[in-house]
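What follows is a single structure, written as C-alpha cells, with notes after it.
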Amino acid sequence: MSIARFAPEYTACVLNEHFEDAKALFLAPLMSIHYAHLAMLTTQSIISRVDARAIRDALDAIPLDQVQATPFDGLCEDLYFHIERLLINQCGEDRAGRLHTARSRNDIAMTMYRMRLRELLLDLLAANLVLRRTLLDLAAQHQHTVFAAHTHAQRAQPTTLAHYVFAFVEQSERDAARLIAAYERTNRCPLGACAITGTGFPIDRQLTSDLLGFLGPTGNTYGSIATADYLLESVSTAAVLLTGFGRFVQDLLLWSTGEFGYLRLSDGFVQSSSIMPQKRNPVALEHARAIASKALGQALAVFTSLHNTPFGDIVDTEDDLQPLVHSLFHDASRTVQLLAAAMRNAEFNIEKMAVHAADGGATLTELADTLVRKHGLSFKTAHAIAARLAAAPAGYSLAKLLAEASAELTGSPIAYTGEDLSAILSPQHFIGVRRTPGGPAPEETAVAFAASHSQLASDEKWRSTVNDALAQAESTLRQRSAAL
C-alpha cells in the first residue's frame, strides 16, 4: 500500500489546492507541451523514433477526463508528476523518463503560464471588441441626442450622447492596443531554458515555439524563468481597462437614478425589491461595477505578491499566483461582457436630456465666444458680460441685461433681440459650431464614427488572424505527433 509522502497539513493547505487549480487551468497546455517537446526531441534525434512512438501512444492513452476527476492522493507533488506517473504506467519508466530530456518543470511551468495568459488576453480583447461594437451602434442612434455634459459633477456644456460615447470608445481602443501589445510580449516560448541555464543537448527552440503557436522563443534562459514583466504588463493593461471602465459605469448608474432619469435598462437587466413594488433597480450596472472593482483588487494583489521577491525561480510566480491571474482576467472579461449586453437594448430619455442641456446657463460660453467673434471683445471681458446673464433674476429680459452689462463693461451697449439670443444660446447651435477635430458637431462625430469602425475592423481582423494561427499550430502539432 502506498503511503502519502507529504505532511497532511501541507497537503491540505497547499498541494491539494494547487492540484485542483492545475487540473482546471493547465492540464491542456501541459499535454500540448509534452507532445511538442516529444516531436522536437525526435526531429533532433535526441530520442529514437521507436521510443517516440511509444511515448506518443502512452500520452494518447492518458484519460484526461479521469485526470480531471482524480483527487489529490499525496503520492506525488503536483500535476506534472501525476501525469508522469500515468505515463510510466503506460510505457515504462525508461521510455517515460526520456521525455524529460532537455527540459525542467521550470520552463514547462513558465510555458504553461504564458499559454494560459495569452488565452485570457484574447478573451478580454474579445469582450472589448463586443462592447465597442455595441457602443458604436448606440452612438449611431444618438448623433443628434443633446445632453448636458458635466465637469466637477456639475452641468457644464451641451454635447451629444454620441460625442460622450466616442470618448469612452476611443479609450477602449487604446485598451485594445495595450492588450495586443501585452499579448505579443507574452506570446514567447520559454521551453528550452530548462531549470535556468538551458541545456547541452542540440534542441530546436524555434520548433517547439512554432508547434505551440508562439511568435518565437524567449531570449536569455535565466530571464525566461526569472522574469515576470510580461505578466505584470498584462495585469497592468487589465487594471487600466478596469479603472476607465468603472468610471464609465459610474456615470451610467447616475443616469439611471430617478433624479436624472436619462437611462433605462431593459427588463432583463433589472431587479425589483422584496418590499417596495415600485423599485426597478439597475443591478446589472451595479454588478458590472462590483466585478470590475473585484478584478482591479486582484490585479493589485498580483503586484503585491511579486513585489520584493528574488529575481529567479520562486514559487511566488507560480501555483499560488496563477489562479489569481486567471480570476482577475475572468472577472474583467465577464464584467465587460455584461455591460455590452446591458447596453444593447438600453433606452435614453432624449426629451429629458435635451431639457437639461439648456438649463443653468450651460450655453453661455457660446455667448462669450460670439461677443469675441462678432464684436472684437477680449474673451475676459466677454466672459464677464456673459456671467451677468448667468445671474439674471427670474423673468428679467436677457437682451436688456446684455445691453446693460456690455455698456457698463465696455462703454457701449451691445444689442441683440430675444430671438437672436435664443438662437445663440440654443444647445443645437452650441454643438453645431464646435467643429474642433474631435468635437461634438455632427460632422466631427461622423469622422469619429468612421475612424472607430475602421479601428474596430482592424482589431477584429488581428484577433481572427491570431486565433487562426493558434488553431493552425494546434493542427500542425497533432499532425507531427501522428507522424512520429
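Values in this text are rule-based calculations from the coordinates and carry no lab data. Note that the structure is predicted; figures quoted are calculated from it, not measured. Note: ideal-geometry Cβ built from the backbone for every residue, glycine included; neighbour counts use all protein chains shown.
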Query raised in the report: Hey, got the dipole for the stretch 358-432? About the Cα centre, +1 on K and R Cβ, -1 on D and E Cβ, debye to the nearest 20?
Result: 180
Query raised in the report: Given only helices, namely DSSP H runs of n ≥ 4 each adding -39500 (n - 2.57), what is the per-residue ellipticity at 222 nm of the chain, to the nearest 500 deg cm²/dmol?
Result: -21500 deg cm²/dmol
Report summary line: Quick calc, the stretch 8-101, dipole around Cα centre from Cβ unit charges on Lys, Arg (+) and Asp, Glu (-), nearest 20 debye, gives 580
Query - Values of log10 I(q)/I(0), in the order q = 0.10, 0.11, 0.25 Å⁻¹, for the stretch 8-101 under a Debye, Cα-only, solvent-free model - result: -0.28, -0.33, -1.27
**Report entry** Positive-end extreme of charge dipole, the chain - chosen from Leu321, Ala382, Ala126 (charges on Cβ)
**Finding:** Ala382
Query - Spherically averaged projected area of the chain from its Cα convex hull (nm²) - result: 31.3
Requested in this report: May I ask you to compute the full-extension gain from Thr257 to Asp137, defined as 0.36 nm times their residue separation minus their alpha-carbon distance, rounded to one decimal in nm?
Outcome: 40.8 nm
Query raised in the report: Any idea what the relative contact order of the stretch 386-468 is, in percent, if you count C-alpha pairs under 8 Å spaced at least 6 apart?
Result: 13
Query raised in the report: How large is the dipole of the chain about the Cα centre if only Lys and Arg carry +1 and Asp and Glu carry -1, each at its Cβ, rounded to the nearest 20 debye?
Result: 780
Query - Burial ranking of peptide ranges 382-391, 64-73 (average Cβ count within 10 Å, highest at the top) - result: 382-391, 64-73
Report task. When you have a sec, figure out the Kirkwood radius of the stretch 358-432 from all distinct Cα pair distances and drop it here in Å to one decimal? Result -> 12.2
Requested in this report: Of the options Pro63, Gln44, Leu86, report the single residue whose Cα projects farthest towards the positive end of the charge dipole of the stretch 8-101 (beta-carbon charges: Lys, Arg +1; Asp, Glu -1).
Outcome: Gln44
Query raised in the report: Once whole DSSP H runs in the chain are found, which of them have Cα atoms spread over 15 Å or more along the helix axis and a mean Kyte-Doolittle score of at least 0.5?
Result: 229-255, 283-306, 379-390, 398-410
Query raised in the report: If you average the sequence gap of Cα pairs under 8 Å that are 6 or more apart and divide by the length of the chain, what percent do you get for the contact order?
Result: 19
Query raised in the report: For Gly244, what charge total do you get from the other residues with a beta carbon under 14 Å from its beta carbon, if Lys and Arg give +1 and Asp and Glu give -1?
Result: +1
Requested in this report: Using the number of other C-beta atoms within 10 angstrom as an exposure proxy, rank His307, His326 with the fewest first.
Outcome: His307, His326
Query raised in the report: Put a dot 7 Å past each Cα toward the Cβ at Leu64 and Glu443; how far apart are the dots in nm?
Result: 5.8
